[in-house]
Amino acid sequence: MTTLTFYGGVNEIGGNKILLEDKDTRIFLDFGKSFTRRKMYFEEFLNPRVANGIEDFLRMGLLQDIEGAYRDDLMAMSKKKIVPPNIDAVLLSHAHADHADYISFLHRRIPIYMGKTCHLILQAIEERSGSTLEREVLRYKERPIKSGSKTVERKIITFRTGDKFKIGSLDVEPIHVDHSIPGAYGFIIYTSEGTVVYTGDIRLHGTNPQMTIDFIDKAKSVKPIVLIAEGTRIADEERDESEAKVSTECKQISTSQR
Ligand SMILES: [Zn+2]
């Protein structure tokens, strides 16, 4: 049987955490931070407590109680039962926080698949901003942090567009898409019951629409049984909007004021 469970990303922008189960294989499509939910309880100087592991995150619904998903160190701090990880992988579509950042809480042995450029961007973000509990996507220090705490490097597997790989009963094909950050991908996932297509975040009004068209063409050709699409602007009226137009108008304004 193949099932999809949405732990985030429905009726909100981002926060995507979509569990795809097929036979004995369990993967997440993205594992992002929900800005909408977080803003309901926290603000600049009011943050979830780190001292009790993931307790505040679970209580406030920023994370869901998913057995076999989270880090042993955080589970121990929250006085929760530690069980071996039972998620086979995360497919990360791109490096935006609302898709990537809550990977920080996941068990060290869960492999994270991402594009090569996405990996570079996450490395740059982590080098620049340092680590907080909510931004430990690539590596983290075991908590509670004390002298001699080990740094844990996550298992990262990178791909390029059109590469194909297998995770348990699933065959996966990432295809590049255009988005407001480089290194963004949609996924074609061949399950035992048919093909599932996940768009991640896409746009056609950006600087590289052809990349999104490549993805759409491929998605159309595999005749998916399920399409999971981002819908931030899906109900907007059509309007004359493109990054090329923004660029032209900015140039016009800046040159006319010389
Ligand atoms: Zn995005």
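We did not get these values from a lab; they are worked out from the coordinates using the rules stated. Predicted model only: the values in this text are computed from it and were never measured. Backbone-built Cβ (ideal geometry, glycine too); neighbour counts: all protein chains shown.
Going Cα to Cα from Lys146, which lysines come in below 16 Å? Please leave out same-chain ones fewer than 8 positions away.
Within the straight-line cut-off, Lys146 pairs with nothing.
Which residue, Ile66, Ile13, Ile27, tops the fluctuation ranking in a GNM of the chain built on C-alpha contacts under 10 Å?
Among Ile66, Ile13, Ile27, the largest GNM mean-square fluctuation belongs to Ile66.
Would you mind ranking Met40, Met211, Met75, Met114 by Cβ crowding within 10 Å, fewest neighbours first? Working shown, then result.
On the way: Met40 11, Met211 23, Met75 19, Met114 27.
The order, fewest Cβ neighbours first, is Met40, Met75, Met211, Met114.
Just subtract the alpha-carbon distance of Asp24 and Ser169 from 0.36 nm times their residue separation and send over the number in nm, one decimal. Can you show the working numbers first?
On the way: separation 145, 0.36 × 145 = 52.20 nm, distance 0.76 nm.
This chain segment gains 51.4 nm when fully extended.
Which percent, nearest 5, of DSSP beta bridges in the chain are antiparallel? Walk me through the intermediate numbers first.
Values: 31 of 43 bridges.
The answer is about 70 percent antiparallel.
For the residues Phe31, Phe159, Phe165, what sequence is obtained by ranking on other C-beta atoms within 10 Å, fewest first? Kindly include the intermediate steps, with their values, before the conclusion.
On the way: Phe31 29, Phe159 19, Phe165 14.
In increasing order of surrounding Cβ atoms, one gets Phe165, Phe159, Phe31.
Lys and Arg at +1, Asp and Glu at -1: add these up for the other residues within a Cβ distance under 12 Å of Arg26 and post the number.
Details: positive: Lys23; negative: Glu21, Asp22, Asp24, Glu67, Asp88.
Every neighbour counted, the sum reads -4.
So what is the 222 nm mean residue ellipticity for the chain from helices alone, if each DSSP H run of at least 4 adds -39500 (n - 2.57) and you divide by all residues, rounding to the nearest 500 deg cm²/dmol?
Details: 7 runs with 63 residues, N = 258.
Taken over the chain, the calculation gives -7000 deg cm²/dmol.
When the C-alpha atoms of region 122-258 are aligned to their principal axes, what extent does each axis show, in angstrom, from largest down?
59, 52, 26
Equivalent ellipsoid semi-axes for the chain, as square roots of 5 times the alpha carbon gyration tensor eigenvalues: give them largest first, rounded to whole Å.
Numbers: eigenvalues 198, 122, 58 Å².
The equivalent ellipsoid of the chain has semi-axes of 31, 25, 17 Å.
In region 27-147, what percentage of the DSSP-assigned beta bridges are antiparallel, given to the nearest 5? Walk me through the intermediate numbers first.
Numbers: 3 of 8 bridges.
Roughly 40 percent of the beta bridges in region 27-147 run antiparallel, per DSSP.
Most exposed first by the Cβ proxy, i.e. fewest other Cβ within 10 Å, how do Lys164, Lys81, Lys141 rank? Don't skip to the end; give the middle numbers.
Values: Lys164 11, Lys81 8, Lys141 14.
Listed from fewest to most nearby Cβ atoms, that is Lys81, Lys164, Lys141.
Report the normalised scattering of region 40-151 as log10 I(q)/I(0) at q = 0.19, 0.20, 0.22 Å⁻¹, calculated by the Debye formula with identical scatterers on the alpha carbons.
For region 40-151, the Cα-only Debye profile gives -1.11, -1.23, -1.44.
Relative contact order of region 1-116, please, whole-number percent, based on alpha carbon pairs below 8 angstrom and at least 6 residues apart. Numbers along the way, then the final one.
On the way: 216 pairs, mean separation 30.6, N = 116.
That works out to 26 percent.
May I ask you to derive the relative contact order of the chain, considering only C-alpha pairs under 8 Å and at least 6 residues apart, and to give it as an integer percent? The partial results should precede the final answer.
Numbers: 501 pairs, mean separation 36.3, N = 258.
The value is 14 percent.
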